[in-house]
Structures are given as structure tokens and as C-alpha cells.
1. Per residue, what accessible area does the chain have, given a 1.4 Å probe and all protein chains present, in Å²?
2. For the chain, report the translational diffusion coefficient in µm²/s to the nearest whole number, using Stokes-Einstein at 20 °C, 1.002 mPa s, and a Kirkwood Rh over Cα pairs.
3. With each run of n ≥ 4 DSSP H residues scored as -39500 (n - 2.57), what mean residue ellipticity at 222 nm is computed for the chain after dividing by its residue count and rounding to the nearest 500 deg cm²/dmol?
4. For a paramagnetic label modelled at 7 Å from the Cα of Ala145 toward its Cβ, which residues of segment 82-113 fall within the zone defined by backbone nitrogen distances under 20 Å?
5. What residues have an amide H closer than 5 Å to that of Met165, excluding those fewer than 5 places away on the same chain, when H is modeled at 1.01 Å from N in the peptide plane?
6. Assigning unit charges at the beta carbon (Lys, Arg +1; Asp, Glu -1) and nothing else, what dipole magnitude in debye, to the nearest 20, does segment 97-147 show about its Cα centre?
7. Sort 45-53, 91-99 by the packing proxy (mean of other Cβ within 10 Å over each peptide's residues), most packed first.
8. For a label point 7 angstrom out from the Cα of Thr57 toward its Cβ, which stretches of segment 99-121 have the backbone nitrogen within less than 20 Å?
Amino acid sequence: KEAIIHRFEEDHGLHYDPQEIIVSNGAKHTLYPLFQTILDPGDEVVIPTPAFGLYETVTRLAGAVPVYLDTARTGFQLTYEALCAAITPRTKALVLNSPNNPTGTVYAEASLAAVCRAVGDRPIFILCDDVYRGLCTRPCPAPAALPGLRERLLIAQSFSKPWAMTGWLIGYLMGSAPVIRKLTALHGHILTCAPSMLQAACETA
């Protein structure tokens, strides 16, 4: 966790404490218990599409409803108008995957500004799936730096892509301490811990 904190501060200038991080067997293994933690049956999750299929699956497993936001007509970017049309009083979370799987799209600053404006003060969690960020070869605005939304941000990262450790299956999730505390309570009944020798390898990376 200390190495993760150091790397994130170096890359983004943002600080997270150890109690705001959970380490697991890959980023995917944080998303299922996360959605079980933050979602109630009937809640809605806004998923910009095209999208990685896992988001729909973990949403439905929690009894929640995926709401698809088609980005094909806007160059795979997000707009304020489209976000407002997708968000309802039942919206509990919004997924941001940038660079995107499968399109490779990187959200522009205008897209992130639209997210901030559309979400505003609403009690909506924002899942930032950052697993492909380390593969960017050009400027890649970070959803993790969305101003004023830190307490609602949930940042998923994996060692598989940025450190070429595919198959080692170590990932982590960062968020506000109250959310991570609840997530940890559930996660401990699903997985004892990520293997210690693999954690040591990831720390070195």
C-alpha cells in the first residue's frame, strides 16, 4: 500500500491513506464486492458504451440496473446533455473507463468537466477504471483528479497492464475510508488476501 501511495502521488499529485486502499487478486476482484457494497436492488449504474462486459454483470449481480449511455454519436466522448439524460434519482454510480476497453478512447478534459457538472452534488459514486492508463503514450487526463468529487471517487487499478504482469493478478481499489472499510468487511469473506509473494513483486515493480 505504501508503494501504491507513493506511485499515485508521483503520477497524479493526489494522496490516499493506507485505510483508503484495498489490495486484491486483480482489479476485477475488487469490482464485484464493491458493487455488492455500494448498490441496493433497483439502484441504477450509468455505463458509457461500448464498454467492458464486466460492468453490466456486476451491476446485475447486485440486483441493480445498468443504464447504457451510447457514446458512438459523440466520438466516444461524454457530453453534459447525454449524462443528464442518463442520470435519474435512482442513479447510484457512474463508470468511467479511460483509456476505454474496447475503443481505446481517452476522455478529453471536456468530457471530465461534463461529468463534474452533471453529477454535481448528487450522491453518485464514480468508478474510475484506470487499468489501461499506464499504456498511454500521449497526455491522458485523469478522472481520478475530478475536482470536488474525491469522497465519491472509486479508483480501480491493476498491475497487469502498466507493469506487464498479466497473470500475476494483483490489483487494487482506492476510495474514501468509510467505503473501503465497508468493502473490506465483505471482501474478507470472499478472499483472505492477495498472495504475499506477489505483493512483494508488485511493490518492487
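1. Details: 9620 Å² over 205 residues.
Per residue, the chain has 47 Å² of solvent-accessible surface.
2. 125
3. Values: 7 runs with 68 residues, N = 205.
Value at 222 nm, helices only, nearest 500: -9500 deg cm²/dmol.
4. Correct set: 96-100, 105-113.
5. Long-range HN contacts for Met165: Ser160.
6. Working: 4 positive and 4 negative charges, 15 e Å.
Approximately 80 debye in magnitude.
7. Details: 45-53: 20.8, 91-99: 23.3.
Highest mean packing first, the order is 91-99, 45-53.
8. 100-104
The values are calculated or read from the model by the stated rules, or taken from the named source; none is laboratory data. No experiment lies behind these values; they were computed from the predicted model shown. Every residue, glycine as well, gets a Cβ built from its backbone with ideal geometry; the counts of neighbours run over all protein chains shown. Just so you know, the surface numbers come from the protein's heavy atoms only, side chains and all, with ligands and any DNA or RNA stripped out. Shrake-Rupley method; radii C 1.70, N 1.55, O 1.52, S 1.80 Å.
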